[in-house]
Amino acid sequence: MTPEETNGRASDRSSASSTRQGTIALDLGGFSGLSADEAAARLVLDGPNELPYQKKRGLVAVALEVVREPMFLLLVAAGSLYLLMGDLADALMLFGFVFVVMTITIIQERRTERAIDALRDLSSPRALVVRNGVHKRIPGREVVNGDVLVLSEGDRVPADAVLRRGINLTVDESLLTGESVPVRKTPSSVAQSLGRPGGDDLPHLFSGTLVSSGQGIAEVVGTGGRTELGKIGKAVQRVAPESTPLQRETGRLVRLFALAGLTACTLVVVAYALTRGGGAAVWKEGLLAGVALAMATLPEEFPVVLIVFLALGAWRISRHHVLTRRIPAVETLGAATVLCVDKTGTLTLNQMTLKRLLVGGRSLDLTPLTKDLPEESHALIESAILASKRDPFDPMERALHETGDRLLRQTEHLHPEWSLVHEYPMAPALLCVSQAWRGEGNEIVIASKGAPEAVADLCHMSEEQRAETARAAAGLAADGLRVLGVARGKTGTARLPDEHHGLDAEFVGLLGFEDPLRPTAPAAIRECRTAGIRVVMITGDYPATAQSIARQAGLADPTKVVTGPELDGMSDEKLAARIGDVQIFARVVPEQKLRIVKALRANSDIVAMTGDGVNDAPALKAAHIGIAMGGRGTDVAREASALVLLDDDFSSIVAAVRMGRRIFDNIKKAIAFIFAAHVPIAGLSILPVFIPDWPLLLLPVHIVFLEMVIDPSCSLVFEAEPAEDDVMRRPPRNPEERLFSMSAIGLALLQGLSVLAASLGVFFMSWKTHAPNAVRALTFTTLVAAFIVVILANRSWARTIVGGLRVPNSALWWVLGGTVFFLAFVLMNPFARRLFHFAPLHGGDLALSIGAGLACVLWFELLKLGRRSAASW
């Protein structure tokens, strides 16, 4: 038998295993269930029926993590020093700044956890149990050991249980086994424990699995962490998350600057005192100068940028239906080189559609057809609908009813008035289902559907006819379709045979079902290829089905396929050699996904991996970016992932990658601005220390004001900056690439030195003719004006300032407007001038300062124009 034929058989089981109409009730058989008191006592003893998940950090834990950052510790120390010196205003300003940033972090942490809690609550099943002999619907978390569950088609099993009574019960255990075909369940009155998931004709029911058809009465034997799901969840919980490259590099920069800043602070204090003759007052001024220099050389914006950019980035990504569980993964998205995705539900809609009919050797494509169905095809759809439930749960049966409503509504081939007489359920020996209906004139009409070879057997076909049917079914399967055979018979008013195989039926034709490709998938895959990202499909389906979807989606070279059995036969070395050019892995079980992820990582790829089942959790954890399915995934998969795809749509992943690249670009711009801003701050803080005649130009209160310009610029203006036009036309960045290249650092330093030169120029022009407080005010005004220009210049390293003004950024105008307002307030308000140690300025003085500030980085604009001209050539 070919794989395609096997696919046809395997895919038919869930459709062929239709049960009776909902009017048939399952007898409880004496099961009265627990009493309310017994259930309450067991709930207290065993705890709620919930999967283990990582404990939320409390408010104190989050706050302590924030203040352990070196930059925050320095700010707290500086504020404490001012407090000891009696300068309450400066101390309160510093402490206020610390608490603002801490509050942002705590609020974002709480928002993310609340979103996860809401998703967990939505995914938690409700359960129908028997308590005191009465059916009662309760939350899944309240199910306890010994409860009697009432299960029917479409129910999610809320706990591990043993089936005691059942009618045609089949269960989808793919969340645990990776096998998409539902398995049959057989009741047992003696079983008390469970075996491993998978396999037909067993009484074991597992938490989180889905009842595909039939009804059952089951006794709960395991809840919460003692279920099969719970055991895997505990194992995943013990795996520690890995810090991202950006976190590690930022930590390295913070430690480097912390060491340099503290060393410089000590030297400045000593140098200031020694060059000015010592004395208590001099040492106090030296200490102030040292604190200012430490604040200047230890840019606390680094952790602020990471916290705010990634937190707001997570919020922006959530607008594309992607929930961020671990915020640092947002930046890793921008470096992703491989996206490993499931076929069903991610590239496809997970909605069955009847695509093709095969009647009498003639094939009919239904996709473009809306009316005028050929007459010979009427009987095929009519019989298939009669072999289905009237109110179906199975997606194939739903597709049949939708097709009938669309194409047969105005014909005599739909029979809502007919009554069901008898049903022949699927059996292991005959994988098809038949239903007998009483029609007009009491005539009994029989309709059957199921695996093509089973329907051929039911129709007692000759070997030649069976071979022809098998070839036709294989042809449909080769096009990526799932195949059902349909038969029909009549018995008049005679008594129906007891045995299913005793029916007298004639073969009508074949049905080909398609799980349609998402309309957004081809464009998203094209965008990935343009961005240098390889898309790899990993599916449990057979190669023919996977290749069909791959061709429709536009995957590169869909002819190269590795199957699960082939994967098992490969050594790690051979897999590593082949994994670079294989786009499709078919007939893969979840356990093999972990090996694929490890091979890709060994190949120096940055891997994003999607998954929904419990057994996907290790692969999700091993990938650089684990992406769980929110619509159909399990709690365990979500807990193991960094991102949760709320709509299960592949295009949402690509949108998140685009956003990740934008975020990393903007982080680089923000930190380049931090470097550029801190060069003049450090220079103006340290130069007066070694030149006795110069007054101290920057005191800590000035630096706090400047930080109020720098921080909103970093955390709001650059974060809100739209993506560059070529963000998805460049290859992924090298994962080994430093946060800054030497050219970027050099550019930032040149900008900073330009601002320092402009500020010193104003200082030299005014210090002989103005009082020290006026000189300080002029120098400070020049510095603020220059910062505004540097912000505008660094919004884009390709567009000029004038061109950038045409790109909307609402945060920019709030920050710049606020900066100008507060600068004017400090210069004009007498109390503020005293606090900042300023003197009143005249109009000509202000013009000099502002003009120098605006002109300091004009060279950078000329450089942009030169680059653009060179690119156009």
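The values are calculated or read from the model by the stated rules, or taken from the named source; none is laboratory data. What you see is a predicted model; the values in this text were computed from it and never measured. Because the Cβ atoms are built from the backbone with ideal geometry, glycine has one as well, and the counts that use them run over all protein chains shown. With ligands, DNA and RNA removed, areas are computed over all heavy atoms of the protein, side chains included. Shrake-Rupley method; radii C 1.70, N 1.55, O 1.52, S 1.80 Å.
Remarks
- For segment 707-857, the extents of the C-alpha atoms along the principal axes are 56, 30, 26 Å, listed from largest to smallest.
- Around the amide H of VAL536, modelled in the peptide plane, lie the amide H atoms of LEU339, CYS340, VAL341, all under 5 Å away and 5 or more residues distant in sequence or on another chain.
- In this Cβ point-charge picture (+1 for Lys and Arg, -1 for Asp and Glu), segment 563-613 has a dipole of about 40 debye about its Cα centre.
- Beyond 20 Å in Cα-Cα separation lie the following of the pairs LYS231/LYS343; LYS449/LYS490; LYS343/LYS560; LYS185/LYS343; LYS136/LYS185; LYS343/LYS593: LYS231/LYS343; LYS185/LYS343; LYS136/LYS185.
- Dimensions (Å) - segment 383-517, Cα atoms, principal axes, largest first: 42, 35, 25
- Segment 186-231 versus segment 531-603: alpha-carbon centroid distance in Å: 32 Å
- Put simply, when 431-441, 372-382 are sorted by average Cβ atoms within 10 angstrom per residue, most first, you get 431-441, 372-382.
- Dipole magnitude (debye, nearest 20) for segment 426-569, charges at Cβ of Lys, Arg, Asp, Glu: 620 debye
- Using the 1.4 Å probe convention, the accessible area of segment 502-573 works out to 39 Å² per residue with neighbouring protein chains retained.
- Long-range amide H partners of GLU506 with built H, under 5 Å: ARG488, GLY489
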